[in-house]
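Peer 1: I'd like to ask some things about the structure below.
We did not get these values from a lab; they are worked out from the coordinates using the rules stated. Because the structure is predicted, anything quoted here is derived from the model rather than measured. Methodologically, a virtual Cβ is constructed for each residue, glycine included, from the backbone with ideal geometry; neighbour enumeration extends over all protein chains shown.
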Amino acid sequence: MAKVITITSGKGGVGKTTSTANLGTALAMLGKKVIVVDADIGLRNLDVVLGLENRIVYDLVDVIEGNCRLRQALIKDKHNGELYLLPAAQTKDKDAVSQDEMVELVDQLRSEADYVIIDSPAGIESGFKNAIAGADDIIIVTTPEVSAVRDADRIIGLCEAAGKGHPRLIINRLRPKMVRSGEMMSVEDLLQILAIDLIGIIPDDEAVITATNRGEVLVLDKNSKTGKYYMDIARRITGESIKIDPIEDNPSLMERLSGMFQGKR
Amino acid sequence: MTEYITIKGARGGLRLHILDTCEWTDAFVALQKQLTDGAALLQGMKLSLDLGHRELSPQALDELHNVMRNYQTDPVDILSESRTVRAEARTMGFIAKPPMPKSTTVEVEQTSTVMTRNVRSGQIVRHHGDVLLLGDVNAGAEVIASGSVMVFGRVRGVIHAGAMGDRSAVICAIELSATQLRIADLRARAPEDQGQKIPEIACIEDTHIAVHAWHEYRR
């Protein structure tokens, strides 16, 4: 029976889809059978990020409306035979699916994989509610920005109200240099506000943009540090206990010099 | 001064008992004032009006119905000993019941409550009485109480103490970085610069809300 994990955030553009694609791929690389589900009906992008757009025939709404069988709608990933995508419909909207239908669909998926990862739409309306309805676990993605943290806090409250236990947190797009200079909220600041367990930190990395545009995911690149951070999160999902290290980068010469004068470092 | 309105916490809401031995006009004016003063607290709560033994004309009930509809979107229960008042109230869309026998109702005056939780963005805690919260009140969250609010944690949201008009209510917290503080009918905004992170207490002094360090506060 699969474990169902929903990736959500409240605010848009913080990296839900990128995280879903990377974690799905990483889990598949660990030998798990994974289905990633795009629950953002009407605004699908998980297929684009995975580079599977041109293979879509049927989608999630087709399955729910009975236009096709579930297995017909599952698209096998081009890199990894253990990873499947259930794409969202692009021509419908969020009202095309009800919470009960979503729970039923998720239950069908459970017998097909080890992990089902659902990419939630932004917002707190029906699309979000559908995405968490069938989830066993919830992972919240946020960036170190006040607005994203505020929305994450709201989402945590809603998840708790929906009886979804203790969500875990991915902090995305951290810039260690800005944190050091006090221009960006630190991991500690975020955890103090949100008061939930951290499952991983991802640095701000331009390679994410180029990879996304090419329909590749970073975990496939063995030299990518960011890919390795995603792989660590995937291992933590499978139950391995891996220490969460602070994101390293090399402080610039100026920073080191000023640090020396202040008697630090 | 005659207390026309007594407020009691009932299970899951509030019961407003309206004195039934005075002139209706006096009681009605007092009720409207109470609703205005306590709007922040009352609007989110299930209310019932206990009219006791008072007989009310259909016109007076209709007036009451209009007033309640303006203050409250939820239907209000009418409790009355009088069968005619109950029947008339039902035709207007009130839910009308005889007041429950005293022995079976769990009625309390203002009570204190202790909560162990974080109040997160978008969540509102309402309570008739004092609130003692072990946890944080995050930005975008609200705590509204008719009494004082004490927070063993950080406050970054909005706190409204004395929400029924009690100007002696206070707000205190281990870290008081609230976006806005309200006590009774007054409000205060946090200064733009990050305040000192020490335990503080806010109370009304004359015509404004003052915030003091905990150890400097003398009553």
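Peer 1: Given R₀ = 35 Å, FRET efficiency for A:ALA207-A:LYS33 by Cβ-Cβ distance, to 0.05?
Peer 2: Working: r = 28 Å, r/R0 = 0.79.
Computed FRET efficiency for A:ALA207 and A:LYS33 comes out at 0.80.
Peer 1: Can I ask one more? Put a dot 7 Å past each Cα toward the Cβ at A:GLU65 and A:LYS78; how far apart are the dots in nm?
Peer 2: 2.8 nm
Peer 1: Say R0 is 41 Å: what FRET efficiency, to the nearest 0.05, do B:GLU81 and A:SER111 get from their beta-carbon distance?
Peer 2: Values: r = 62 Å, r/R0 = 1.50.
The pair B:GLU81/A:SER111 has a calculated efficiency of 0.10.
Peer 1: Is there a pair in A:LYS3/A:LYS177; A:LYS164/A:LYS225; A:LYS11/B:LYS197; A:LYS129/A:LYS228; A:LYS33/A:LYS225 whose C-alpha atoms are over 27 Å apart, and which pairs would that be? Display every interim value, and only then the final one.
Peer 2: Numbers: A:LYS3/A:LYS177 37 Å; A:LYS164/A:LYS225 32 Å; A:LYS11/B:LYS197 29 Å; A:LYS129/A:LYS228 31 Å; A:LYS33/A:LYS225 24 Å.
A:LYS3/A:LYS177; A:LYS164/A:LYS225; A:LYS11/B:LYS197; A:LYS129/A:LYS228, as the Cα separations exceed 27 Å there.
Peer 1: Between A:VAL48 and A:SER147, what length comes free when the chain is fully extended (0.36 nm per residue of separation minus the Cα-Cα distance, one decimal in nm)? Walk me through the numbers on the way to the answer.
Peer 2: Details: separation 99, 0.36 × 99 = 35.64 nm, distance 2.66 nm.
Value of the extension gain: 33.0 nm.
Peer 1: If you don't mind, there's one more thing I want to ask. Can you give the extra length, in nm with one decimal, that the chain gains between B:GLN180 and B:SER112 once fully stretched, where that is 0.36 nm per residue apart less the Cα-Cα distance? Let's see the in-between values first.
Peer 2: Details: separation 68, 0.36 × 68 = 24.48 nm, distance 2.27 nm.
My answer for the length gained is 22.2 nm.
Peer 1: Then there's this: Show me, for segment B:30-39, the HN-Hα J-couplings you get by feeding each phi into the Karplus relation (A = 6.51, B = -1.76, C = 1.60, θ = phi - 60°), rounded to Hz, glycine and proline as x.
Peer 2: Listing the rounded values in order: 4, 5, 4, 5, 4, 5, 5, 4, x, 3 Hz.
Peer 1: Starting from the Cα gyration tensor of segment B:111-216, take the square roots of the eigenvalues, sort them a ≥ b ≥ c, and report rounded, prolate or oblate (rounded when a/c is under 1.5, otherwise prolate if a/b is larger than b/c, else oblate).
Peer 2: On the way: a/c = 1.40, a/b = 1.06, b/c = 1.32.
Taking the square roots of the gyration eigenvalues as a ≥ b ≥ c, segment B:111-216 is rounded.
Peer 1: Based solely on its DSSP helices, what 222 nm [θ] is calculated for the protein assembly as shown when runs of n ≥ 4 H residues each add -39,500 (n - 2.57) and the sum is averaged over all residues, nearest 500 deg cm²/dmol?
Peer 2: Numbers: 16 runs with 148 residues, N = 484.
Helices in the protein assembly as shown give a 222 nm mean residue ellipticity of -8500 deg cm²/dmol.
Peer 1: For B:GLU55 paired with A:VAL103, estimate the spin-label separation in nm (one decimal), with each label point 7 Å from Cα along the Cα-to-Cβ line.
Peer 2: About 5.3 nm separates the two model spin labels.
Peer 1: Could you identify which residue out of A:ASP119, A:ASP137, A:ASP100 has the top mean-square fluctuation in a GNM of chain A using Cα springs shorter than 10 Å?
Peer 2: The residue that fluctuates most here is A:ASP100.
Peer 1: On to the next question. Decide, for the protein assembly as shown, between rounded, prolate and oblate: order the square roots of the alpha carbon gyration tensor eigenvalues as a ≥ b ≥ c, take rounded if a/c falls under 1.5, and otherwise choose prolate if a/b is larger than b/c, else oblate. Walk me through the intermediate numbers first.
Peer 2: Working: a/c = 3.30, a/b = 1.58, b/c = 2.09.
Taking the square roots of the gyration eigenvalues as a ≥ b ≥ c, the protein assembly as shown is oblate.
Peer 1: Then there is this: How far apart, in nm, are the 7 Å Cα→Cβ label points at B:ASP26 and A:THR238?
Peer 2: Label-label distance for B:ASP26 and A:THR238, simple model: 7.9 nm.
Peer 1: Report, by chain and number, residues whose modeled amide H sits under 5 Å from the one on B:ARG126, excluding near sequence neighbours (fewer than 5 apart, same chain).
Peer 2: Here B:ILE144 satisfy the definition.
Peer 1: Taking 22 Å as R0, compute the FRET efficiency from the Cβ-Cβ separation of A:LEU191 and B:ILE198 and round it to 0.05. Mind showing how you got there, number by number?
Peer 2: Working: r = 22 Å, r/R0 = 0.99.
Once the sixth-power term is evaluated, E becomes 0.50.
Peer 1: Can you give the extra length, in nm with one decimal, that the chain gains between B:THR207 and B:ARG187 once fully stretched, where that is 0.36 nm per residue apart less the Cα-Cα distance? Spell out each step's value before the answer.
Peer 2: Working: separation 20, 0.36 × 20 = 7.20 nm, distance 1.04 nm.
Residue separation times 0.36 nm, minus the Cα-Cα distance, leaves 6.2 nm.
Peer 1: Moving to a separate point now. Could you identify which residue out of A:VAL61, A:VAL146, A:VAL219 has the top mean-square fluctuation in a GNM of chain A using Cα springs shorter than 10 Å?
Peer 2: A:VAL146
Peer 1: Each residue of segment A:238-245 in turn: what ³J(HN,Hα) in whole Hz from Karplus with 6.51, -1.76, 1.60 and θ = phi - 60°, glycine and Pro shown as x?
Peer 2: Using θ = phi - 60°, the values come out as 6, x, 5, 9, 10, 4, 8, 7 Hz.
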